[in-house]
Every structure is written in structure tokens, then in C-alpha cells.
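One structure is given below, encoded as C-alpha cells.
The values are calculated or read from the model by the stated rules, or taken from the named source; none is laboratory data. None of these values were measured; they are calculated from a predicted model. Positions of Cβ are backbone-derived with ideal geometry, glycine not excepted, and every protein chain shown enters the neighbour counts. Surface accessibility is based on the protein's heavy atoms, side chains included, excluding ligands, DNA and RNA. Shrake-Rupley method; radii C 1.70, N 1.55, O 1.52, S 1.80 Å.
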Amino acid sequence: MKHALALLLLSCALVAQEKVAAPDRAGLQPITNPKDERLNVFRELEAKAALDDTKALAEVGRYYCDGRFPVLQNLEKGKGYFLRGASLGDAPCATRMWEYTNKNGDENDPEHVIDTSKWHIIWTSLSRVESRFVTRPENVSEASWAEAHLRAAAFLAAVKLKTEKPATSKPKKVGR
């Protein structure tokens, strides 16, 4: 009887420990305090990102790529946020996409070289850098550079640039 009770208490303790230590389905790190302010900040950013706020998309992407609290590192998910921001014409999101693509791949893989070059071209285009300043890096072949240009052009053709809201002007008074 004592052993059964001890076993029951031990299993209850393990279940309780798993609930605190195991990450939840949303990819969050183990959270011991659900009222942690950092969790609230992240949730607010995520809500803004869902509304296509490009600054929030860039920040949430960085959270995932870096594995910053409260999320677990997930490069693909993070790059997905950057991709969405870049597709809205946001240069900082394109910059982040280029940075994380560049540092997370094999520089001997031609596909990685083309993808990195493509994101460099997209970033410079969205940043409005003059094309004469965008030159082929020495470690990129002419064929890969040409392919990167084609892929960048295809991406940029589908970019939905955010339009500025027209300035509201006060109605003119017409006589008295």
C-alpha cells in the first residue's frame, strides 16, 4: 500500500513538472510564470504582425530566428515573418531575410549562394539603393548572379508596396 501511494505521488509530481517544463504547442519556451511581462510583449507583437504591421513582422521574425524568450528558436518560422514583411515592401524585413539566409547556409552550395544574392538584390531594391552600387560579389559566379537577379525580379514583381494614406486637407470655406 505504501509503495502504491508513493508511486502515485511520484507520478503526480512528474505530470506537474512536465506541465511547467514542456514547451506548449505554440513553440514557446518553458514558462514558469504565465504572467511574465515579456510574454505579454511578444503576444502584442504577434497580434500586430497578424495585421501586417511590418515593424512587428521584423521583430517577431527576430524572436524566432534568435530563439529569444518566450519562443523556441525556429529559423523557418522566423524567416516566414521576414518573407511576409518583405512581400509588403519592407526593406528591414528584406535585410533580415538576407542576413539570416546568409549566415545559415553552406556557402559552397550554389543554391544557397543564389538565394543569398537574391535577398541582397531585393533588399537593395526595396531600400532604393541605386543599381550601380549593387555589384556581383567576387565569390558569386556570373551565372549565379544572373539567376539571383531573375528570382529577385520575380519576387519584386509580386511585392505589394504599402501605399501612404493621402494627407487630409481641411475643406475650404466657401463664402459666408
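Go through region 115-140 and report how many residues are over 14 Å from residue 94 (Cβ atoms) and either open to solvent by less than 60 Å² (accessible area, probe 1.4 Å) or among the acidic types (Asp, Glu) (or both). Please lay out each step first, then the result.
The first filter runs over region 115-140 and keeps only residues over 14 Å from residue 94 (Cβ atoms), leaving 130-133, 135-140.
Adding the requirement that they be either open to solvent by less than 60 Å² (accessible area, probe 1.4 Å) or among the acidic types (Asp, Glu) (or both) leaves 130, 137-138, 140.
Number satisfying all stated conditions: 4.
Just need a number here: residues in region 121-141 that are basic (Lys, Arg) and more than 19 Å from residue 107 (Cβ to Cβ). Steps first, please.
Going through region 121-141, the residues basic (Lys, Arg) turn out to be 128, 132, 136.
Then drop every residue that is not more than 19 Å from residue 107 (Cβ to Cβ), which leaves 128, 132.
Of the residues in region 121-141, 2 are basic (Lys, Arg) and more than 19 Å from residue 107 (Cβ to Cβ).
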Verdict on residue 62 being under 11 Å from the mean Cα position of the chain (by Cα), of a type outside the set (Ser, Thr, Tyr) and surrounded by fewer than 22 Cβ atoms within 10 Å (Cβ to Cβ): yes
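Tally the residues that are without any contact (Cβ under 8 Å) to a residue 24 or more places away in the chain and surrounded by fewer than 16 Cβ atoms within 10 Å (Cβ to Cβ), restricting the search to region 27-47.
Of region 27-47, the ones without any contact (Cβ under 8 Å) to a residue 24 or more places away in the chain are 30, 32-35, 37, 40-41, 43-47.
Right, trim to surrounded by fewer than 16 Cβ atoms within 10 Å (Cβ to Cβ) and you get 30, 32-35, 37, 40-41, 43-44, 47.
Qualifying residue count for the region: 11.
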Of the criteria (1) in contact (Cβ under 8 Å) with a residue 24 or more places away in the chain; (2) open to solvent by less than 60 Å² (accessible area, probe 1.4 Å); (3) within 24 Å of residue 56 (Cβ to Cβ); (4) of a type outside the set (D, E, K, R), which one residue 74 fails: (2)
Some residue of region 89-110 being in contact (Cβ under 8 Å) with a residue 40 or more places away in the chain, surrounded by 19 or more Cβ atoms within 10 Å (Cβ to Cβ), of a type outside the set (Lys, Arg) and part of a helix (DSSP H, G or I): no
Residues (of a type in the set (D, E, K, R) and at pLDDT 95 or above) located in region 144-164: 147, 151
